[in-house]
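Q: Quick one: the structure is below, and I'll ask about it shortly.
Each reported figure results from applying straightforward, stated rules to the coordinates on display, with no laboratory input. Just so we're clear, the structure is a prediction, and the values are computed from it rather than from any experiment. Using ideal geometry, Cβ is built from the backbone for each residue, glycine included, and neighbour counts are taken over all protein chains shown.
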Amino acid sequence: MDTPVSFDIAFLGLKDPSAAGRSRMILAIERLTGRSTADCQAYLSRVGLTIFDSLPVDQAQLVVSALDEAGVVCEVRPKEEVARSVGDGLGGGMMACPSCGFVQHAGPDECSRCGVIFSKREKDEVRKMQSDRALEEAVQRAEQIRREWDERARAIVDARPLPDDATAIFTPVLNREEIPFLLLQAAEGPLLMTSRQVLAAVEGSFVQMPYEVIKDVDFGGGLVVKKGHTRLVFHFHVPVPVKDKSATSCSWQLTASAATNKETILDWAFARSYMCGSCGARDLDYRSDKGTNRARCMHCATDHIIDLRSNSIRALLSS
């Protein structure tokens, strides 16, 4: 046989032949066909009778599902005839609930089984699709920015290669995705700038400062400046772990040689901020809530969770 283009559905019997089982079958056939109770009762004594004929595959699937749920044993018979129209196949126009799958008459705005309001669910689905699309676009924009940072880091390294041992001390906290491009010496220990973050080695531990959490940069001046050094301070949107504590800012005394990289430092670290995962805006309000770093978009009010360990931000989008 060639590929079937329509399907017949025949009645073979009931899973539960009791009075309750027969009633469920009759109600199901009435609902699906719009035929009278007497006509539907007649099917009980006519095993093998085709109840529905020449249905397209989607309607056949809906009908079989509804009949099976009503306890009706049926047989699906593929055929090569062209499928009939919706009105010919199912009485009164039928539809499946998008929430629970229950087959019922089209028209009412509420599912007769689960009570979902179809118009509201449709609006919710549209909002979710729009939210998912906005999130995808925001992620794409963030990835584009990171690719640009990678390209700039490579250009700096090509113009001024790092010493062979520049990254050795930072190996435990470097990842394969980031590109180291500038080593800075400071009185407190070395700092390494990469395409993803600033890393610092302080008294045997590491401080990781993703560019996205750096709110502001102070370069030079200040009340405490060691002779021959230049003060560098990073201020953060959210507290950053520093030697088992949390800091809203960190300060270093750069050597004279390291201070000559002021332009590069400010270019890479000045006012970097996370993108909203819902609308893509960068105007986020940051706060710490019971040890968890959060941010709320001031444009669309979407809340976010910030994970400093993985250098990521996750929008808490409603489902």
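Q: Working carefully through the options L199, L183, L174, find the one that is crowded, with 16+ Cβ neighbours inside 10 Å and within 27 Å of the chain's Cα centre (by Cα). So that I can check it myself, show each step before the final result.
A: Values: L199 fails: within 27 Å of the chain's Cα centre (by Cα); L183 fails: within 27 Å of the chain's Cα centre (by Cα).
Residue meeting the stated conditions: L174.
Q: Something else now. Any chance you could count how many residues in segment 42-74 are surrounded by 15 or more Cβ atoms within 10 Å (Cβ to Cβ) and not charged (D, E, K, R)? Break it down into steps so the answer makes sense when it comes.
A: The first filter runs over segment 42-74 and keeps only residues surrounded by 15 or more Cβ atoms within 10 Å (Cβ to Cβ), leaving 43-44, 51-56, 59-64, 66-67, 70-72, 74.
Cutting the leftovers down to not charged (D, E, K, R) gives us 43-44, 51-52, 54-56, 59-64, 66-67, 70-72, 74.
Going through segment 42-74 one residue at a time, the tally reaches 19.
Q: Does segment 31-67 hold any residues that are farther than 25 Å from V82 by Cα, of a type outside the set (S, T, Y) and in a helix (DSSP H, G or I), and which are they?
A: A38, D39, C40, Q41, A42, L44
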